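To keep things clear, I will list the structure first and then write my remarks on it.
The values are calculated or read from the model by the stated rules, or taken from the named source; none is laboratory data. This one's a predicted model, so the numbers in the text were calculated from it and none came from an experiment. Cβ placement follows ideal geometry from the backbone for every residue including glycine, while neighbour counts extend to all protein chains displayed. Areas reflect the complete protein model, heavy atoms only, side chains present, ligands, DNA and RNA absent. Shrake-Rupley method; radii C 1.70, N 1.55, O 1.52, S 1.80 Å.
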Amino acid sequence: MIFPEFVGGVHLPPLVPYIALAGTIGFILMILPGLIWIERVVIALMQDRSGPNRVGPRGLLQSTADVVKLFFKEDMSPKSADIKIYYLAPFLTVLCAFSAGGVLPLQTLTFHLANGDFQTVPLTVGDVNIGVLYILAVSSLQVYGVVLAGWASNNKYSLLGGLRGSAQLISYELSMGLAILCVVLFSGTCQLNKIVDAQSGAPFGLPLPEIFNGSIFSWFWLGTGIIPVVIYTIAMIAETNRAPFDLPEAESELIAGFHTEYSSMKFAMFFTGEYVSMLVVSGLNAALFWGGPLPPLNIIPFTLIPGFVWFITKVMGGIFFYTWLRATYPRLRYDALMHLGWKRMLPLGLVWLFLLAVVSLGRSPAKSADNVPEKPVTATQQVQTLPNAVAHR
Amino acid sequence: MISGYIPIAVLILVAAILGGAMIGLSFLFGPHKPTFFKSTSYECGIDPVGNARERFPIKFYLVAMLFIIFDIETIFLWPWAVTYGSQEHGMKVFFLSEMAVFVAILFIGYFYILGKGALDWDESDRAVNQDSHTPEIKAKRAPIRFGNEASGVVDLDKKPVGDRVPTYGASSQEEVVAGGKR
């Protein structure tokens with residue numbers, strides 16, 4: 001699809017990040033009740049029971065009704081709680097969850113400039129050259145939500161849940177970082193759009209037909225040797241405190257873990273934060289290992305579908321995987337969790353990174369890498385520095 | 001250069017407004033009728049015992065400390081990984097050997113903390129290893145000292161099994177010397 005540069009006198013390319021922003025926030029807010037519905041229905045199907053079926057057609061409005069109900073629930077807080085931090089914790093959770101998704105590569109838009117040139121602008125809120133680091137940094141700030149909620153509630157179960165959560169989050173962050181490093185090593189950049197570009201070539205540089213360019217075989221899940229995607233997927237489930245790694249909120253031992261004392265919308269905010277960060281880490285998974293907005297095969301019916309549809313499809317695949325795991329596996333014991341994170345995944349990730357470095361010794365220097373650019377090119381800047389673009393305005 | 005970050009700043013602002021609105025609206029809409037029992041912390045329906053600001057296992061602290069060390073070392077890998085792919089072959093060999101030295105040192109530290117048992121969550125990991133319970137190893141172990149001001153230092157190895165000694169903190173509590181398993 002090619003868009004004109006001006007629509008009704010409005011210069012479009014600089015507005016693209018804000019379109020992406022509105023789209024992202026709107027999509028997340030719209031899909032959230034749907035996500036909860038999907039999860040409940042899928043688990044119900046897997047466990048051979050009905051699931052939600054009262055409110056709306058097939059129970060579709062159940063979660064919406066729950067949200068409305070939660071707004072009108074009594075807003076109470078325990079007397080012994082540290083009240084400021086108690087309110088800060090859910091706020092931080094929502095803040096970090098929503099702002100982490102800002103660098104995900106949704107699509108690349110092509111504009112037909114007034115002077116006849118074509119220009120591509122990534123449909124990303126902020127296409128910054130530290131994209132991966134930004135997501136890692138912001139999503140790891142979520143540990144503060146867990147820790148502060150657990151500590152401020154002044155409840156023994158909350159404290160235990162918060163401690164467990166923080167230890168789990170920081171343990172798995174190491175393996176997650178190492179798995180992402182494997183991708184960064186091959187693509188030579190931290191900018192997510194360039195990582196997607198690096199996956200758009202022929203698989204393993206082999207002389208294959210055009211149809212395989214940027215296909216499912218040239219994405220990094222295969223390109224980095226499957227181990228990193230396995231490590232990343234395990235770590236992303238542990239990072240979002242989902243089953244089978246949901247020890248911080250293990251209901252059979254800790255009631256509700258760190259959010260035991262939270263009621264009304266404050267409880268729903270932890271819920272929101274959890275689901276939004278599920279979307280974000282699935283989106284990062286899609287962008288790093290599953291080609292982001294690239295279609296699975298470079299042939300005509302697939303390439304006609306816009307990239308953001310593919311991206312959302314891949315994210316939803318991740319969400320389905322989460323649900324599937326939740327219905328399948330029992331919860332890990334805590335020492336087994338730490339054992340897996342520190343004694344299995346961390347050394348495996350380090351050794352694999354080193355192996356990949358040895359393998360890529362023979363490769364010729366990468367072309368598309370942004371090896372320390374003097375002036376990082378961003379979406380809006382790209383527009384301004386284009387020749388003749390300004391003159392025609 | 002900074003212009004690419006402006007939409008992200010707007011996004012963070014929007015997220016903050018969303019979070020604030022969620023808290024604020026539920027505070028506005030919801031009723032406020034606190035009673036004594038609603039405001040106590042929840043402990044499965046019984047009266048809460050003591051305070052939650054208790055001591056917690058030092059293992060959590062240890063994990064956090066190890067995380068800082070390993071995270072800093074991982075961060076050192078990031079610039080290396082970004083620049084590695086675009087180097088010429090000779091430079092790549094140099095980069096790789098540098099990183100081999102770094103990872104080797106990292107693994108020395110890793111095996112050290114493994115050997116120290118810092119990553120064993122409880123003693124069950126070690127109990128599996130029968131070697132740590134052979135008489136030779138137990139003979140080298142320093143005697144287990146116990147007791148407080150009231151009792152003086154007690155060597156548990158020399159006490160008859162079943163004898164009662166006051167424990168460290170509370171002299172009102174007593175501990176039975178464990179059976180022959182030691």
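Brief remarks on what is shown
- Computed with a 1.4 Å probe on the full set of protein chains, the accessible area for A:L279 sits at about 10 Å².
- Additional length obtainable on full extension of the chain from B:I108 to B:L62, 0.36 nm per residue less Cα span: 14.7 nm
- Other protein chain C-beta atoms within 10 Å of residue C-beta, averaged over A:72-84: 5.
- Accessible solvent surface per residue of the range B:2-129, calculated while the other protein chains remain in place, 1.4 angstrom probe, Å²: 60 Å²
- Phi angles across the range A:60-72 convert, under the Karplus curve 6.51 cos²θ - 1.76 cosθ + 1.60 with θ = phi - 60°, into 3J(HN,Hα) values of 5, 8, 4, 5, 4, 4, 5, 5, 4, 4, 5, 5, 9 Hz, Gly and Pro given as x.
- Per residue value of the accessible surface for the range A:2-363 (all protein chains in place, 1.4 Å probe), Å²: 38 Å²
- For the range A:263-329, trypsin sites (Lys or Arg not before Pro) are listed when DSSP marks them as loop and at most 11 other Cβ atoms sit within 10 Å of their Cβ; the list is empty.
- Taking amide H as placed 1.01 Å from N in the peptide plane, the amide H of A:F3 sits under 5 Å from that of A:T110, A:F111, A:H112, each at least 5 places away or on another chain.
- Label-point separation in nm, B:L25 to A:A65, each point 7 Å along Cα→Cβ: 1.9 nm
- Neighbours of A:T108, meaning other residues whose beta-carbon lies under 15 angstrom from its beta-carbon, give a summed charge of -1 when Lys and Arg score +1 and Asp and Glu score -1.
- The mean sequence separation of alpha-carbon pairs under 8 Å and at least six residues apart, normalised by the residue count of chain A, gives a relative contact order of 22 percent.
- Between A:V351 and A:I19, full extension at 0.36 nm per residue minus the direct alpha carbon distance yields a gain of 115.4 nm.
- The range A:311-333 versus the range B:62-91: alpha-carbon centroid distance in Å: 30 Å
- Packing-based order for A:82-93, A:111-122, using average beta carbon neighbours within 10 Å, highest first: A:82-93, A:111-122
- Measuring nothing but how far apart in sequence close Cα pairs (under 8 Å, 6+ apart) lie, relative to its length, the range A:61-195 scores a relative contact order of 27 percent.
- Other protein chain Cβ atoms within 10 Å, averaged over every residue that makes up A:125-134: 4
- Computed from label points 7 Å out along Cα-Cβ, the spacing between B:A9 and A:F118 is 3.5 nm.
- Mean Cβ count within 10 Å, highest first, over the residues of peptides A:197-203, A:181-187: A:181-187, A:197-203
- One chain, two ends: B:F94 and B:S39. Fully extended at 0.36 nm per residue, the span grows by 13.4 nm beyond their Cα-Cα distance.
- Stokes-Einstein, applied to the Kirkwood radius of the range A:2-363 over Cα pairs at a viscosity of 0.692 mPa s and 37 °C, places its translational diffusion at 151 µm² s⁻¹.
- Buried solvent-accessible surface, both chains (A, B), 1.4 Å probe, Å² to nearest 100: 7200 Å²
- Our coupling estimate for the range A:283-298, obtained by passing each phi through the Karplus curve with A = 6.51, B = -1.76, C = 1.60 and θ = phi - 60°, is x, 5, 4, 4, 6, 7, 10, 10, x, x, x, 6, x, x, 9, 8 Hz, Gly and Pro reported as x.
- Rounded Å value of the spacing that divides the Cα centres of the range A:59-99 and the range A:20-46: 18 Å
- Shielding of A:253-266 by partner chains, average beta-carbon count, 10 Å: 2
- Label-to-label distance, nm, for residues given as A:E251 and B:N51 (7 Å Cα→Cβ offset): 3.3 nm
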